[in-house]
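This report concerns only the one structure given below.
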Amino acid sequence: MTKPKIALVAARFQSKTGSPTYQNRQVDIEAVLLAGGLPVLLPAAIPLEEIPVLTAQFDGFYLTGGGDLDPLLYGENNHERIYGLNPERDAFELALIQEVVAQDKPLLAVCRGMQALNVACGGTLYVDIASQLPSAEKHDWWPTYRRSKLVHNVTVSRASYLGRILGELELRTNSLHHQSVNEIADELRIVAYASDGVVEAIEHLDKRFVIGVQWHPEWLQDQQPMRKLYKAFIENC
């Protein structure tokens with residue numbers, strides 16, 4: 001049986017030698033491989049007009065974490081804590097998400113990926129949780145802590161597809177973000193919250209598998225619910 005081809009966006013970075021390079025994290029590639037998929041990196045330099053044909057050639061799409069989306073894309077102003085802006089990646093991922101949803105291809109979106117999913121569908125973000133939600137607990141447990149550190153609880157909706165996949169409705173997760181979903185897009189629904197009310201997962205209302213999670217399951221592959229998430233993603237692909 002042919003393994004499904006899973007596209008991961010490779011964003012542009014400056015290497016230590018100063019040369020621009022396109023890359024993605026090893027842990028994300030390994031999570032896809034472990035679940036039975038074949039990861040393929042798509043450089044964000046690909047012209048946007050190629051996206052419709054490109055989307056049809058893959059079985060599924062996996063959007064990973066990374067720097068912040070430009071706040072102007074969802075009607076907000078810049079903030080002193082905004083970091084890692086990458087206009088090329090923003091444009092490519094937002095256009096890709098819209099096409100993936102239109103073609104009803106499976107999509108798993110993690111951290112920045114979940115935020116991009118909400119913005120691509122017409123939703124907004126909190127630019128900085130600590131500034132805009134002062135009652136929220138700490139969510140930006142990086143870069144001085146190990147990425148697998150479990151720091152807060154997440155409650156998943158019993159009626160959600162995500163809940164059925166994970167097999168658990170109360171999770172202990174890691175947390176590596178300073179932004180989160182604010183206004184949810186009309187075609188999406190919120191299916192998980194942290195104990196302080198910060199949105200932790202979203203799903204598409206009408207598509208077969210379009211799920212975003214705010215935590216980083218790729219760093220938690222020793223936990224059965226996190227492996228189940230990737231396995232369900234690959235099976236849908």
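The values are calculated or read from the model by the stated rules, or taken from the named source; none is laboratory data. Keep in mind it's a predicted model, so treat the numbers as computed, not measured. Note that we place each Cβ from the backbone using ideal geometry, even for glycine, and neighbour counts take in every protein chain shown. The area values use the complete protein model at the heavy-atom level, side chains included, leaving out ligands, DNA and RNA. Shrake-Rupley method; radii C 1.70, N 1.55, O 1.52, S 1.80 Å.
A few comments on the model shown:
- Region 16-61 and region 114-177 have Cα centres lying 23 Å from one another.
- Checked against a 27 Å cut-off, the cross-linked pairs Lys3/Lys228; Lys138/Lys231; Lys5/Lys207; Lys149/Lys207 give Cα-Cα distances beyond that limit for Lys138/Lys231; Lys149/Lys207.
- Given charges at Cβ of Lys, Arg, Asp, Glu: the chain dipole, positive-most of Asn24, Pro52, Leu34: Leu34
- Normalised alpha carbon radius of gyration of the chain [divisor 2.2 N^0.38 Å]: 0.94
- The largest accessible area among Arg112, Arg158, Arg146, Arg25 belongs to the first residue in Arg158, Arg146, Arg25, Arg112, and the rest follow in falling order (1.4 Å probe, all chains).
- Region 128-237: chymotrypsin sites (Phe, Trp or Tyr not before Pro) in DSSP coil with no more than 15 other Cβ atoms inside 10 Å: Tyr145
- Charge dipole (the chain, unit charges on Cβ, about Cα centre) - positive-most of Ser160, Ala194, Thr2: Thr2
- Probe 1.4 Å, accessible area per residue of region 105-237, Å²: 39
- Solvent-accessible area per residue for region 1-48 (1.4 angstrom probe, square angstrom): 60
- Percent antiparallel among DSSP beta bridges (both partners in the chain, rounded to 5): 60
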